[in-house]
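Notes follow once the structure below has been shown.
The values are calculated or read from the model by the stated rules, or taken from the named source; none is laboratory data. Nothing here was measured: the structure is a model prediction, and the numbers come from that model. Backbone-built Cβ (ideal geometry, glycine too); neighbour counts: all protein chains shown. The area values use the complete protein model at the heavy-atom level, side chains included, leaving out ligands, DNA and RNA. Shrake-Rupley method; radii C 1.70, N 1.55, O 1.52, S 1.80 Å.
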Amino acid sequence: MYLKKTKGTNGRIHLSITESFRDSQGKARNRTVKTLGYLDELEKVWGPGALARCEAIRDELTATHNEAVAPVALELHMAQKVDKRHVNRMCAGDAVPMAYYNALGIEKALRNHLAGRKVAYDLNAVCRLLVSERLLAPGSKHAAWQRADLHFLRCDASERDVYRALDELAVARNRVIAAMNRAIAPSREHDLACGYYDCTNFYFECDPDGFREKGVSKEHRPNPIVQMGLLQDASGIPVTYRLFEGNVNDSKTLIEALPDLKEAAGMQRVVIVADKGMNCSDNIAAAVGKGDGFVFSQSVRGTKSTGELRGWVLSDEGYRECGGDGFKLKSRQDTKIIHVKGPDGKMKDVPIEVKVVAFWSRKYAERARHEREKVLEKSRQLVESPGKYTRATHYGAAQYVRNIDFDPKTGEVIECAKKPEIDWEAIAAAEACDGYYCIVTSETNWDEKRIIDAYRELWRIEESFKITKTGLEGRPAFVRTREHLEAHFLTCYIALTILRLIERALGHRYSALSILEDMRALGCSELEANIWLFDHRTDLTDELFALIGEESPRKYMRRHEIKALFEKGKQVRWR
C-alpha cells in the first residue's frame, strides 16, 4: 500500500491510501483503500505532523493486511469426524446483494414504519433473511427460518416472529417501495421516459377464497390464481407492482394500478408500453384523460382489428425495406375510436388522435409458422380423439377445428351432429398474418424507430416474470392469508429488483439466472481455528464483488474478514 497524493485544479493536495492488485483478466489495477482528505484540512486538525500521521495510518493498514494474508500452520487430525452439532458451512453468496439491500434504504423505511412501537424481533433482519433466502435457496418461510444460522448476517427471530413479521411487511409495502425508488432515482436518468407494464398470474392449489380466485391462467391451469401487475423502467429495473384478485381481467388492472405506479415512480407523465392485452377503450381513456400516453400493440388477427386496418397492414402498398434483412415497415396518422361511458351513463364514441406503425419481419413470420405447426399437431389429435381434451387442455388447438364446442361448466367436449374437422380457412387466414405486427400510440410526434424500439423493450418485463417464477420460485408461496401473500411477493419484488440492479451494473453481460447460479455456489466451510475455506470463484464472482469495491473472497479467510464483506455503508455501483 502507498500514500497517494493527488493535486487538484485548485492546487489543494488530496491524500488517500491505495493498493495495487490484478483483476480477473490479470491486468494491474489500483484501488483506494481509505480516503484521508485534503492535506490543508488535515493540518488544521492534526497540526504540522498531519502527513506523518497519514503515513502511520498507511503503515498500520499495511501491517494488518500482511498479517491477514500471512501463512498459518494448521494441525489436521485425519481421524477427526464432522461435528454434526456445529454449523460447518455458511452462505457467502448474499454479500453483494445485501450491499444493494442496504443501499436501497429498506432498513430505514422499516424502522420508520415501526416508529413509536416496540416489537419483540428485528423486522429488518427478518426481511433481509427472507430476501437472502429467496435469492440463494427459495423455499418456505419455515425453511428460511431453519437456515438462518447459515448466514453471516444474524437473524435471531423465532419462527412465530417470522410469520408475525409478514403482517408488518404487508403494511409497510408502499413505504419500502418508495424508499427503493428514491435510492435508485439518481441512476435512472432517462429510463423513466417510458413505463413498461404487464400482468401475469400465479396459481395456487387451494379453494377460491375471495383473493385467490379462478381466472384466465397464463399456464392454462384450472386452479385459483392471483394477478400481479408489474411496472418497469426502460432498463428493466422494477418500479412497483400490485396484486389483484384472480378473477380480475388483465386489461382491468392497468386502470387501478396506474395512479399507484406514477406515485411510486415519482412521474408527472408516463408513456405506458404494453402488449395487446392492455389495448382497450378503458385503458386508453384512463391514460389520455390523465395526460399520459400509451404505446400498445394492436391485434391484426381476429375481431379486435377492423377490416380496414387489417387490409392496410397486409397490403404491400407503402412498405419500405429497412435494414435489408427481411424487415419492412410503414406508418400513418390515424384516429382511433374508443367507447367510453359519459356523465349520463350512456356509452359514446370518442376519437383519439394516434399514430399507427405496421411492420413485417421474416424472422417473426418463420417463428409464427413453426409455432402454428405445433398447434396444428394438437388440432389433428383433437379431431381424431375429441374426448381426450377439455377447454383447459387443448392449448389453442380448437381455433383450427370446425364443429367442436366445450361445456361451459365442465370444459369437456360437447358431442355435435357433425364430426370435427380441420378448419383450412382459419389456417389460411392465420398464415396471411404471419410476421405482421401493428403498434398504435398516442405519441404522434415520435418517429417509427423510437416507437418500435420502445415496444421491443417489453421482452424485459416478460423476462422479469420468468425470473420471478423460475429463478426466485415465486410459487408455491407456502402462506395462506392475503397479508402474508402480500409480504411474500414483496420479498420476491425486492429480490428481483436487486438482481436486476446487479445485472444492469454488469452491463447486461450476464443473465439474471447466471448471476443467481454463481451466488448460490459461493459458500465456505470452516477448517480449524476460525479459518474458513472458499471453494468457488469465477470471472463473474470477481465482477460481482467489484460492484461493491471488494476483491472476491480469498481461498482462506478468517470469520471477521468475511463479516467485513457484509458491513453496512458500502458504495455500490448502480450502472
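Quick notes on this one:
- Failed condition for ALA50, given (1) without any contact (Cβ under 8 Å) to a residue 40 or more places away in the chain; (2) surrounded by fewer than 15 Cβ atoms within 10 Å (Cβ to Cβ); (3) small (Gly, Ala, Ser); (4) outside any strand (DSSP E or B): (2)
- Boolean, LEU74 is surrounded by 15 or more Cβ atoms within 10 Å (Cβ to Cβ), more than 24 Å from ALA546 (Cα to Cα), in contact (Cβ under 8 Å) with a residue 24 or more places away in the chain and more than 43 Å from the chain's Cα centre (by Cα): no
- Near pairs, Cβ below 8 angstrom, 6+ apart or cross-chain, from the stretch 465-491 (at positive phi and touching a residue at least 60 places away in the same chain (Cβ under 8 Å)) to any residue that is small (Gly, Ala, Ser) and surrounded by fewer than 18 Cβ atoms within 10 Å (Cβ to Cβ): GLU473/GLY139; PHE478/GLY139; PHE478/SER140
- ARG111 vs. criteria among the basic types (Lys, Arg), touching a residue at least 40 places away in the same chain (Cβ under 8 Å) and open to solvent by 50 Å² or more (accessible area, probe 1.4 Å): no
- Wholly enclosed helices (runs of 4 or more DSSP H) of the stretch 272-386 bearing at least 2 residues open to solvent by less than 40 Å² (accessible area, probe 1.4 Å), in contact (Cβ under 8 Å) with a residue 24 or more places away in the chain and among the β-branched types (Val, Ile, Thr): 362-384
- So LEU540, is it under 24 Å from the mean Cα position of the chain (by Cα), open to solvent by less than 30 Å² (accessible area, probe 1.4 Å) and without any contact (Cβ under 8 Å) to a residue 40 or more places away in the chain: yes
- Considering ALA172, ALA183, ALA179, ALA234, the condition of being buried (at least 18 other Cβ atoms within 10 Å of the Cβ) and closer than 15 Å to HIS488 by Cβ is satisfied by ALA172 alone.
Yes/no matrix, rows are residues, columns are (1) among the charged types (D, E, K, R); (2) surrounded by fewer than 16 Cβ atoms within 10 Å (Cβ to Cβ):
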residue: GLY396; (1), (2): no, yes
residue: ILE414; (1), (2): no, yes
residue: THR444; (1), (2): no, yes
residue: ILE452; (1), (2): no, no
residue: TYR455; (1), (2): no, no
residue: ARG460; (1), (2): yes, no
residue: THR468; (1), (2): no, no
residue: ALA487; (1), (2): no, no
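- Residue check, GLU483 modelled with pLDDT under 95 and either touching a His at 6+ places or on another chain (Cβ under 6 Å) or open to solvent by 30 Å² or more (accessible area, probe 1.4 Å) (or both): no
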